[in-house]
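Submitted below is the structure of interest, expressed as C-alpha cells.
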Amino acid sequence: MNSRSRGPGVADVRDRSVVPVGAPITDGCLSDVVPDGIAVINAEGAFVRLNAPAITLCARPAGSLVGALAPFKPVQDVSPDALGLLDEDAAEQVCVWDAADGRRLEFAYRSRALPDDPSMTVVSFRDVSGERRRQRRLAAIARSAVKLASEGSITATLDALAREVLQADAMAGVQILTLDESGQALQVMGSAGFRRWPDFFDRLMECRERGAALRMIDAFEAREPVVIPDRWAAIEKDPSWEPLHEYLGELKWSWFASVPLQIRSRSAGILNAFFAPGQVVGHRTMEFLQAMAEQAAVAVDYASLLQNERELARREERQRLARDLHDSIVQ
C-alpha cells in the first residue's frame, strides 16, 4: 500500500510515507509507536523532524519545535555504528531542556548519523528527570552525612547542606534558619541562591507587624511541614511584604515549602525551599526535604553539644585554677 500521509501528531517540514510495523527507522520514517522520542536534527543542531512522543517529551507547542535549537549534539562525519539506535547497550548522553512551563527536563539520548545523509543526525531520547533527581537526592544525603562528620563550623556545614538541597532539585533558593543564642529569634545560618541579609529576621518581623502571614513560623511552631503553591505571586502583590520584596525578588521562584528542624521533639529551626517556576512539590520532594532537615537538625544538635562541652571544659579549668591559687595562698 503506497498511500501518502503526514501521520498523526508529527511535526515535519515534509510529507512522509506510512511504513508498516517492523520496518526499520530511517530518515524517511519517524515511528509514533515506539515509547522513546525520535527526532532528526541538522548540522546546525536544529530540529528538522520529531515523532509524537518527542513532541510530548519536549513539552512545547509542536509548531515551535521544527527549526528550534535542539539540546542534542549533532553527529558529523561518523560512519553508521554496528549498534542499532534503539539497542540497550548503545552509549547514552544526558542533556537539559527547558519546557514551555519553565521546568528543566533532563533527556538521556543516543544518536547516530543518517546513513543516506551524514549531515543529519537521528536521535532517540527519553525523559530521565525523575531518575536523575532521585540519584542527586541520594547523593546529597550521603554527602551531607560526610559533611556532618567534618570539623567545619556550623555555618559552613549548613551552607553546604543548603547547596546540596539546591543542586539536587534545581531549586531557586534554600534557607536554613536556627534559633539564636537567646532562643527567641531565628537567624539564617545556611543559605544557597539568596544573598545574605544580616537583618533578614528583623525585616521578617516587620512584615509580620504589617499583617503578613509567616507560614515558616507556622511550620516552626506547629512542627509540621508547610507547602504553599504560587507563593511568590501572592507575596509580590501584598504590601505587607514590602520590607522583603527586594530580597525575595532576587530569584525567580513560585512554590514554597518550609520544613521544621526538630531535636528531641522540639523545633530548633526551619528549612525553607523556594522552587523554580514550573516545579511542583510532590510526596517524594517532601520526603527529600524532610531527610535534609533531619541532617541539618543533627548538625545543629552536634554543634550545640560541642559548645556545651567547651563551656564545661572552661568552667572546670577555671575551678582548677581557682583551687591552685587558693592552695598557693594558704601555703
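Laboratory data are not the source of any read-out in this text; all were calculated from the coordinates shown. Keep in mind it's a predicted model, so treat the numbers as computed, not measured. Cβ coordinates were reconstructed from backbone atoms using ideal geometry, including for glycine residues, and neighbour counts include every protein chain displayed.
List every residue whose amide H lies under 5 Å from the amide H of A268, counting only residues 5 or more places away in sequence or on a different chain, with H placed 1.01 Å from N in the peptide plane.
Hits under the 5 Å cutoff: L261, Q262, I263.
Right, another one. Bin width 10 Å, alpha-carbon pairs only: give the P(r) of the range 131-316 as whole percents, running from 0 to the bin holding the largest distance.
Cα pair-distance distribution for the range 131-316, in percent: 9, 38, 36, 13, 3, 0.
Would you mind checking which residues have amide H under 5 Å from F194's amide H? H placed 1.01 Å from N; only 5 or more apart, or other chain.
Counting only residues 5 or more places away or on other chains, the set is V174.
Taking amide H atoms as placed 1.01 Å from N in the peptide plane, list the residues 5 or more away in sequence, or in a different chain, whose amide H sits under 5 Å from that of M120.
L114
For the range 210-278, with only Lys/Arg (+1) and Asp/Glu (-1) charged at the beta-carbon, what is the dipole magnitude about the Cα centre, in debye rounded to 20?
300 debye
Karplus couplings for the range 196-209 from phi (6.51 cos²θ - 1.76 cosθ + 1.60, θ = phi - 60°), rounded to Hz, Gly and Pro as x?
My calculation for the range 196-209 gives 7, 10, x, 9, 4, 5, 4, 5, 4, 5, 5, 4, 5, 5 Hz in order.
Report the paramagnetic label zone for R284: residues of the range 116-139 whose backbone N is under 12 Å from a point 7 Å from Cα along the Cα-to-Cβ axis.
Only 128-138 pass the distance filter.
What does the net charge come to around Q187 if you take all other residues with beta carbon closer than 11 Å to its beta carbon, with K and R at +1 and D and E at -1?
-3
With θ set to phi - 60° and the Karplus curve 6.51 cos²θ - 1.76 cosθ + 1.60, what are the ³J(HN,Hα) couplings of the range 221-227 in order, to the nearest whole Hz, using x for Gly and Pro?
6, 8, 6, 9, x, 10, 10
Based only on Cα atoms, what mean projected area does the convex hull of the range 163-243 have, in nm²?
That works out to 6.0 nm², a quarter of the Cα hull's surface.
Using θ = phi - 60° and the Karplus relation 6.51 cos²θ - 1.76 cosθ + 1.60, list the HN-Hα couplings for the range 38-49 in order, rounded to whole Hz, with x at every Gly or Pro.
Each residue of the range 38-49 in turn: 10, 9, 10, 10, 8, 5, 7, x, 9, 5, 10, 8 Hz.
For F201 and S240 in one chain, what is 0.36 nm times their gap in residues minus the Cα-Cα distance, to one decimal in nm?
Here the answer is 12.6 nm.
Using unit Cβ charges (K, R positive; D, E negative) and no other charged atoms, how large, in debye to the nearest 20, is the dipole of the range 131-316 about its Cα centre?
Charge dipole of the range 131-316: 660 debye, to the nearest 20.
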